[in-house]
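Working notes, structure below.
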Amino acid sequence: MNQLIGSSGHRAIRPELVGDALAQPDPWGFDETPVETWAEILAPQYLDLALLVAFFTLAMISFRRKSVALKFVTFSAAIGYMGFAKSYLISITNIFSVLDWNWPVFKYSLAWYLFFAVTVVSTILWGRLYCGRICAYGALTQTLDAILPAKWRVEVPRPVEKRAAWIKFGVLGGVIAYYLVTHNLLIYQFTEPFWMFGLFGTPAMWTALAVLLIATLFVRNLYCRFLCPVGATLGLMSYLAVFRIKRWSECSTCRICQKACQWGAIEGPKILMTECVRCDDCERLYADTTVCPHWRIIEYNDRKMRILPLQPVQ
Ligand code: SF4
Ligand code: SF4
């Protein structure tokens with residue numbers, strides 16, 4: 001570079017040296033890889049992001065409107081698009097990544113971050129909404145439950161159901177401990193069936209899945225209620241839920257919704273946050289003035305007030 005100091009310096013520029021320098025591949029040492037623009041980064045991700053936003057919008061509309069028809073439309077999209085087309089599911093491997101603080105590169109994984117953020121934020125706001133609307137496997141078993149004849153169902157006795165619900169927390173603790181000791185990611189295939197949406201798996205994995213699905217035909221949402229470590233994680237996070245389901249004072253004696261809840265998430269006046277997936281079944285019952293005794297009591301009190309003359313204040 002000394003040869004290139006200007007005439008005010010000690011040496012003159014020798015044009016033949018400038019020519020030599022320019023002939024080098026990177027004469028000034030500025031050979032940097034071209035910087036990608038956001039337009040270039042976003043171009044391959046637009047469609048994914050748009051479809052994901054459309055899916056979340058549908059899921060939220062169905063949730064806010066408590067519409068059964070829209071819920072099943074959401075389930076179809078969850079199974080078809082989120083499951084078989086994209087295999088977007090929260091998996092125990094994502095929990096391992098969080099434990100290792102190993103995150104995908106943000107700018108190339110925007111759909112993944114959006115998906116992750118919606119799952120975390122919706123859980124903190126409403127509880128296990130992910131399980132009730134977004135998870136492709138949960139959508140599949142809830143759809144099966146809706147189309148199979150009710151007489152096939154085996155109702156798990158309440159004391160057994162309560163104890164079995166703890167198994168998923170045991171699975172979660174066991175699988176995390178195993179991963180922390182071995183760092184073997186492949187443990188996921190023994191604890192969750194989500195690989196089925198990618199249509200891969202060994203004959204042993206497919207056999208185990210077939211057994212699980214056959215059992216699910218008789219015991220509603222078997223895997224989600226009793227075995228899923230992701231459901232257990234979201235259930236624990238649901239203790240933070242801001243917007244919870246309202247309960248009336250009459251709920252402690254009435255029990256209509258407790259019987260209707262297919263997730264075993266209602267116990268008298270209490271909603272068990274670890275089990276509730278915000279399926280809306282009980283909320284639709286609360287809103288039904290012909291079914292929920294709360295409204296009948298209000299109506300009765302109203303009538304009484306109309307019949308009894310108002311007493312003058314002494
Ligand atoms: S419990 Fe597991 S499988 Fe079931 S809906 Fe939730 S995350 Fe999906
Ligand atoms: S019926 Fe109610 S308590 Fe039970 S899972 Fe659905 S929303 Fe939760």
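Read the figures in this text as sums done on the coordinates, not as results from a lab. Keep in mind it's a predicted model, so treat the numbers as computed, not measured. Because the Cβ atoms are built from the backbone with ideal geometry, glycine has one as well, and the counts that use them run over all protein chains shown.
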Please sort 44-52, 251-259, 153-161 by packing, taking for each peptide the average over its residues of neighbouring beta carbons within 10 angstrom, highest first. 251-259, 44-52, 153-161
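What FRET efficiency, computed as 1/(1 + (r/R0)^6) with R0 = 45 Å and r the Cβ-Cβ distance, is obtained for residue 113 and residue 160, rounded to the nearest 0.05?
On the way: r = 40 Å, r/R0 = 0.89.
Result of the calculation: an efficiency of 0.65.
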Straight-line reach check, residue 107, cutoff 25 Å on alpha carbons, 8 or more apart in-chain or any other chain, hits among lysines -> 86
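Ordered by packing density, taken as the mean number of other Cβ atoms within 10 Å over each peptide's residues, highest first, how do 94-101, 112-119 rank? Write out the running numbers ahead of the final one.
Working: 94-101: 13.5, 112-119: 17.5.
Packing proxy ranking, top to bottom: 112-119, 94-101.
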Could you sort 126-132, 181-187 so that the peptide with the highest average Cβ count within 10 Å comes first and the rest follow in order? 126-132, 181-187
Simple SL model, points at 7 angstrom along Cα→Cβ for residue 65 and residue 147; separation in nm is 2.3 nm
Where a ≥ b ≥ c are root eigenvalues of the Cα gyration tensor, a/c under 1.5 meaning rounded, otherwise prolate if a/b exceeds b/c and oblate otherwise, the range 144-224 counts as oblate
Using the Karplus equation 6.51 cos²θ - 1.76 cosθ + 1.60 (θ = phi - 60°), what ³J(HN,Hα) coupling, rounded to whole Hz, does each residue of the range 193-200 give in order, writing x for Gly and Pro? x, 5, 4, 4, 6, x, 6, 10
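Given a cut-off of 20 Å, name the pairs among 162/246; 66/151; 71/270; 71/151; 246/270 whose C-alpha atoms lie farther apart than that in the structure shown. Intermediate results must be reported in sequence, preceding the final value.
Details: 162/246 22 Å; 66/151 26 Å; 71/270 25 Å; 71/151 23 Å; 246/270 10 Å.
Flagged as over cut-off: 162/246; 66/151; 71/270; 71/151.
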Using the basic label-point model (7 angstrom from Cα toward the beta carbon), what is the residue 51 to residue 253 distance in nanometres? 5.4 nm
Taking the Cβ of residue 286 as the center, what net charge do the other residues with Cβ under 9 Å away carry, scoring Lys and Arg +1 and Asp and Glu -1? +1
Label point 7 Å out from residue 87 along Cα-to-Cβ: which residues of the range 183-203 have amide N under 16 Å? 185-203
In nanometres, what is the gap between the two model label sites at residue 295 and residue 267, each 7 Å from Cα along Cα-to-Cβ? 3.0 nm
